[in-house]
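In what follows, a structure is listed as structure tokens, so that the remarks can point back to it.
The values are calculated or read from the model by the stated rules, or taken from the named source; none is laboratory data. What you see is a predicted model; the values in this text were computed from it and never measured. All Cβ positions, glycine included, derive from the backbone under ideal geometry; neighbour counts span all protein chains shown. With ligands, DNA and RNA removed, areas are computed over all heavy atoms of the protein, side chains included. Shrake-Rupley method; radii C 1.70, N 1.55, O 1.52, S 1.80 Å.
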Amino acid sequence: MYALVDCNHFYVSCERVFNPRLENKAVVVLSNNDGCVIASSPEAKKLGIKIGIPVFEIRKMVRKHGIVVFSSNYPLYGDMSNRVMNTLRHLVPDIEIYSIDEAFLQVDGMTKQYTSWEQLGHVIRQTIKQWIGIPTCVGIAPTKTLAKIANRLAKKSNESVCVLDSETKINSALENAAVEEIWGIGRNYAALLYRSGIKNALQFSRAEENWVKQYMSVVGQRLHNELRGISCLPLEMMASQGNKKMIGSSRSFIKPILKLSELKEAVATYCTRIGEKLRSQQSCANLITVYIRTNPHHKNAAYYANAQSIQFPVPTDNTPELIHHALKALKIIFQDGLAYKKAGVLVGGLVPSHVCQQNLFDGLQRAKHIKAMQAMDKINGKLGRFKVRSAAMGFQDVGKTVQENLSQNYTSNWKDILEVLA
């Protein structure tokens, strides 16, 4: 059996933990540079505020309804997430961290300690609420895909716990789940299923195996089996160690950038951050993608967005090499005369750094670069980020973000720790 634990409106809940006056109030959290809404409380959703809406479109509503607005405080949210995950590890030994606010648990054998799956779900919820202060929903089912559906039902119930442990319960849940609500079913597969007369998860689970195999590849077959209670997606234990399959860094600029030289500094800074992350998880990237765009909300200027990918000759985590190829990609897509609002860098094709395929014609002295990166990481770790930096980054922080409504780093900065007056 698997359990999926999902934190309710996580970013808002993190703010509420340290400011209980926010309970029952409409609260929203904004993206980098306070650009758009990325999280909202149920009270804000009732007012019609949707995820992704630009903040300038809701300013009147904010003033009218007294909506509380926060800039995103990722150090706080990351630390609270770690506390939630550590609490789950205390309760159940095998967990897979699926995202910052979600985790799968393997709960086979836990019935010896609890009278029922429902009791286990409630113990998980109560423990996280008591220890961390974050509300959660728990879905428990024989497979991860069914646990996803169970968690969706838990969000709609007053108990906040849903267990699918019988054929009757599973069939009822599947019948009420549209095909696009199935975890792993994207837009193309959903359209295929609808064209074939399959509208809900129960109908998909009863589809002929040969048909699924013919039209939906291995991914579809796994989902088909998972919906029938046959577990095909075990816990990804590597995920619990924090490794990622893709790493990115991006920012929206406070003021539009016109010059290629300033964009280069921003892209070099993003590459430096990515290099640090790659080395910290002992991975190397095969591919780098650079993207830029102008402001899509600027009505008096043409919108431009473009991206360019370059494959490395050898998988790398070397910051100067990341910057070198990223700047080549940037030069290809840059168009003069435009006001750029955002730039970003993604690296993919990640492989463990100890199993990288080498290139006979590689001219880079990689042993020396590895030592240089280790020395740079050590110095920056001791003296502060970017104390030693690439010259390509420059010294003007073009990627500086707007955070006009930032809360305190209550758990990660001694200066921001709460004071209790007795």
Being touching a residue at least 24 places away in the same chain (Cβ under 8 Å) and polar (S, T, N, Q) is the filter; apply it to the range 55-93 and report the residue that is farthest from residue 119 (Cα to Cα). 71
Those residues that are open to solvent by 40 Å² or more (accessible area, probe 1.4 Å) and among the small types (Gly, Ala, Ser), I need them from the range 331-351; list them, please. 337, 339, 349
Those residues that are among the polar types (S, T, N, Q), in a loop (DSSP other than H, G, I, E, B) and at pLDDT 80 or above, I need them from the range 362-412; list them, please. 365, 390, 405, 407, 408, 409, 411
Can you go through 113, 126 and tell me which one is at pLDDT 95 or above and more than 26 Å from residue 227 (Cα to Cα)? 126
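Per-residue answers, yes or no, for (1) in a helix (DSSP H, G or I); (2) more than 24 Å from the chain's Cα centre (by Cα):
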position: 114; (1), (2): no, yes
position: 118; (1), (2): yes, yes
position: 122; (1), (2): yes, yes
position: 129; (1), (2): yes, no
position: 154; (1), (2): yes, no
position: 159; (1), (2): no, yes
position: 173; (1), (2): yes, yes
position: 203; (1), (2): yes, yes
Given the condition of a type outside the set (S, T, N, Q), more than 16 Å from residue 8 (Cα to Cα) and not in a helix (DSSP H, G or I), answer yes or no: does some residue in the range 54-63 qualify? yes
Checking residue 323 against (1) among the aliphatic types (A, V, I, L, M); (2) in contact with a strand residue (DSSP E or B) (Cβ under 7 Å, 6 or more places away or on another chain); (3) open to solvent by less than 40 Å² (accessible area, probe 1.4 Å): exactly one of these is not met. Which one? (2)
Does residue 28 count as of a type in the set (A, V, I, L, M, F, W, C), closer than 21 Å to residue 341 by Cα and not in a helix (DSSP H, G or I)? no
Which pairs turn up if I take residues in the range 345-364 that are under 17 Å from residue 310 (Cα atoms) and look for partners that are at pLDDT below 85 and not basic (Lys, Arg) with beta carbon separation below 6 Å, at least 6 apart in sequence or on another chain? 348/246
Answer with yes or no whether residue 233 is open to solvent by less than 80 Å² (accessible area, probe 1.4 Å), in contact with a Lys or Arg (Cβ under 9 Å, 6 or more places away or on another chain) and within 19 Å of residue 96 (Cβ to Cβ). yes
Taking the stated definitions as given, is residue 219 surrounded by fewer than 20 Cβ atoms within 10 Å (Cβ to Cβ), closer than 30 Å to residue 193 by Cα and in contact (Cβ under 8 Å) with a residue 24 or more places away in the chain? yes
Single match in 86, 73 (criterion: of a type in the set (S, T, N, Q) and in contact with a helix residue (DSSP H, G or I) (Cβ under 8 Å, 6 or more places away or on another chain)): 73
The one condition in (1) within 15 Å of the chain's Cα centre (by Cα); (2) open to solvent by 10 Å² or more (accessible area, probe 1.4 Å) that residue 59 fails to fulfil: (1)
Residue set 151, 171; condition buried (at least 23 other Cβ atoms within 10 Å of the Cβ), touching a Leu at 6+ places or on another chain (Cβ under 7 Å), within 24 Å of residue 225 (Cβ to Cβ) and polar (S, T, N, Q); output residue 151
Give the residue, chosen from 52, 78, 66, 109, that is loosely packed, with under 15 Cβ neighbours inside 10 Å, in contact with a strand residue (DSSP E or B) (Cβ under 9 Å, 6 or more places away or on another chain) and not β-branched (Val, Ile, Thr). 52
